[in-house]
Amino acid sequence: QFMARNTNRRTDAYGGSVAGRVRFAAETVRAVAEAIGPERVGLRISPANTVNGIDEGDTHRIYPVLLDAVADLGLAYLHVEFADPQDPLYRRIRGGWSGVLIANPDLRRYPGLPADGRRGASERLLASGADLVSLGRGFISNPDLVERLRTGAPLNPVREEYSMYVGGETGYNDYPALDAAGLGDHRVLAVTGGSSGA
């Protein structure tokens, strides 16, 4: 919200120009890194994310400025959501970031697929220079996602109405896992470090 032109209406040093709009994020990252050590701090960014009507307006200018402002800190990682290896901004971010880069695949334009759960998208990101790939929604609906990706097994679709925890087991720990012995599905607890909106 601070970095987007349509939501940051400030007229002080934290608004207006790109440098002003990234100032809050940069100062926050720097303060946290100084307090607990940069090796324990990661920065997660979502270039061009339009959630809740946000419109950055000048996305291609914002993130290079932000990353330049924190480049000297030695952060544990940079996490880029909705990363597309064909996107010039993503390539610029990867080329300009010397530390560990985690990428979350951008599959929003493919209806019916988990937003970040297909092996091909992950492999494209790794080939484009990502150090790690983050898969959130794929893990929610596939408690054995790693095995499914390894073997090429089909993925369970995400039930969108339960893509965020709403209480109870439905959509949280009731997705079927593969049965390696071929005796049918069984239920296991799905644990994920990511959120469905990531």
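The values are calculated or read from the model by the stated rules, or taken from the named source; none is laboratory data. Note that the structure is a prediction, hence the values are computed from the model and not measured. Heads up, the Cβs are rebuilt from the backbone with ideal geometry, glycines too, and the neighbour counts pull from every protein chain shown. SASA here: full protein model, heavy atoms, side chains in, ligands and nucleic acids out. Shrake-Rupley method; radii C 1.70, N 1.55, O 1.52, S 1.80 Å.
Among the residues of the stretch 43-95, how many are of a type in the set (Val, Ile, Thr) and open to solvent by 30 Å² or more (accessible area, probe 1.4 Å)? Outline the logic, then answer.
From the stretch 43-95, those of a type in the set (Val, Ile, Thr) are 45, 50-51, 54, 59, 62, 65, 70, 80, 93; that's our starting set.
Then keep just the ones that are open to solvent by 30 Å² or more (accessible area, probe 1.4 Å); that gives 50-51, 65.
Number satisfying all stated conditions: 3.
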Is it the case that the stretch 32-42 has a residue that's out of contact with any His (no Cβ under 8 Å at 6 or more places or on another chain), assigned to a helix (DSSP H, G or I), charged (D, E, K, R) and open to solvent by less than 30 Å² (accessible area, probe 1.4 Å)? no
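Tally the residues that are outside any loop (DSSP other than H, G, I, E, B) and either within 16 Å of Pro64 (Cβ to Cβ) or not small (Gly, Ala, Ser) (or both), restricting the search to the stretch 1-31.
Start the filter on the stretch 1-31 by keeping residues that are outside any loop (DSSP other than H, G, I, E, B), which leaves 18-31.
Keeping just the survivors that are either within 16 Å of Pro64 (Cβ to Cβ) or not small (Gly, Ala, Ser) (or both) gives 18-30.
Count: 13.
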